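Engineer: First the structure, which I've put down as structure tokens, then a few questions once you've had a look.
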Amino acid sequence: TDTDALIWKFPRYNDEIKNGAKLTVRESQVAVFMNQGIIADVYKPGMYTLTTENMPILSTLRGWKHGFESPFKVDVYFVSTRQFTNQKWGTKNPVMMRDAEFGPVRLRAFGSYAFRISDAATFIKEVSATNPDFTVALINEQLRNIAVSRGMDVVASAGLPILDLTSRHDELSDLVMQKIGPDYNAMGLT
């Protein structure tokens, strides 16, 4: 559904844009221009009249110094920057841990998380590539796997007694967020 869209490629005839064309970028999205497979300019929310002055990277790539007359080809991707909430994660199988009081125990964990795209160019380069309709479903399992593996690493290394895990829920959550942060950042996510 549209509510699960992370990236949507704007369809245009021959992917052409003319000098002076209008671009509207709504709140909670950015527009990314890609020219010949290279990410050029990224536009934040607002309305733009496309000229060489506000297309600095594309203008450099195309060698325009004083404007362009004929239409040019460019792919325009709209990237959602809103927060995608209530994403579920959980262990598929119990994880064995050693507890000082109970000895070996089988632990299962589950919960929810939220994420958003914080760096559209990085997300396109590292994850979605040129997929014209990239949705939450296409990345959800990867994000869940990171949350589960890093989360269970944190629980195991925290050395907390099993009986204290519930009362230290917020502390563990903060530690898990610190642990998964670099993995998410590398994909352009928070």
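Engineer: Could you pull out the residue among A120, A186, A100 that is of a type outside the set (K, R) and touching a strand residue (DSSP E or B) at 6+ places or on another chain (Cβ under 9 Å)?
Structural biologist: A120
Engineer: Looking at the stretch 167-184, which of the residues that are closer than 13 Å to F115 by Cβ and either open to solvent by 50 Å² or more (accessible area, probe 1.4 Å) or acidic (D, E) (or both) is modelled with the lowest pLDDT?
Structural biologist: Among residues in the stretch 167-184 that are closer than 13 Å to F115 by Cβ and either open to solvent by 50 Å² or more (accessible area, probe 1.4 Å) or acidic (D, E) (or both), the one modelled with the lowest pLDDT is M177.
Engineer: List pairs: first in the stretch 30-46 and within 11 Å of I124 (Cα to Cα) and in a loop (DSSP other than H, G, I, E, B), second charged (D, E, K, R) and open to solvent by less than 10 Å² (accessible area, probe 1.4 Å), Cβ under 7 Å, 6+ apart or cross-chain?
Structural biologist: Partner pairs satisfying both residue conditions: none exist.
Engineer: Can you tell me which residues in the stretch 118-149 are touching a Gly at 6+ places or on another chain (Cβ under 9 Å), in a helix (DSSP H, G or I) and under 15 Å from T81 (Cβ atoms)?
Structural biologist: A120, A121, T122, F123, I124, V127
Engineer: Now for a separate question. I'm checking my understanding of the structure. Among residues of the stretch 92-110 that are touching a residue at least 60 places away in the same chain (Cβ under 8 Å) and under 16 Å from T166 (Cβ atoms), which one is least open to solvent (accessible area, probe 1.4 Å)?
Structural biologist: Ranking the qualifying residues of the stretch 92-110, first place goes to D99.
Engineer: Every residue in the stretch 72-117 that is assigned to a loop (DSSP other than H, G, I, E, B) and among the hydrophobic types (A, V, I, L, M, F, W, C), please.
Structural biologist: Selection gives V74, A100, F102, A109.
Engineer: Of all residues in the stretch 1-18 being farther than 12 Å from V76 by Cα and in contact with a helix residue (DSSP H, G or I) (Cβ under 8 Å, 6 or more places away or on another chain), which is surrounded by the fewest Cβ atoms within 10 Å (Cβ to Cβ)?
Structural biologist: Out of the qualifying residues, it is D4.
Engineer: For the stretch 19-45, enumerate the residues that are open to solvent by 30 Å² or more (accessible area, probe 1.4 Å) and at pLDDT 90 or above.
Structural biologist: Scanning the stretch 19-45 gives T24, R26, E27, S28, Q29, V42, K44, P45.
Engineer: Regarding A100, is this residue modelled with pLDDT of 90 or more and either under 20 Å from A158 (Cβ atoms) or among the aliphatic types (A, V, I, L, M) (or both)?
Structural biologist: no
The values are calculated or read from the model by the stated rules, or taken from the named source; none is laboratory data. Bear in mind that the values here come from a model prediction, so they are computed numbers and not experimental data. Cβ atoms come from the backbone with ideal geometry, glycine included; neighbour counts cover every protein chain shown. Side chains are part of the model used for accessible areas, which takes the heavy atoms of the whole protein and leaves out ligands, DNA and RNA. Shrake-Rupley method; radii C 1.70, N 1.55, O 1.52, S 1.80 Å.
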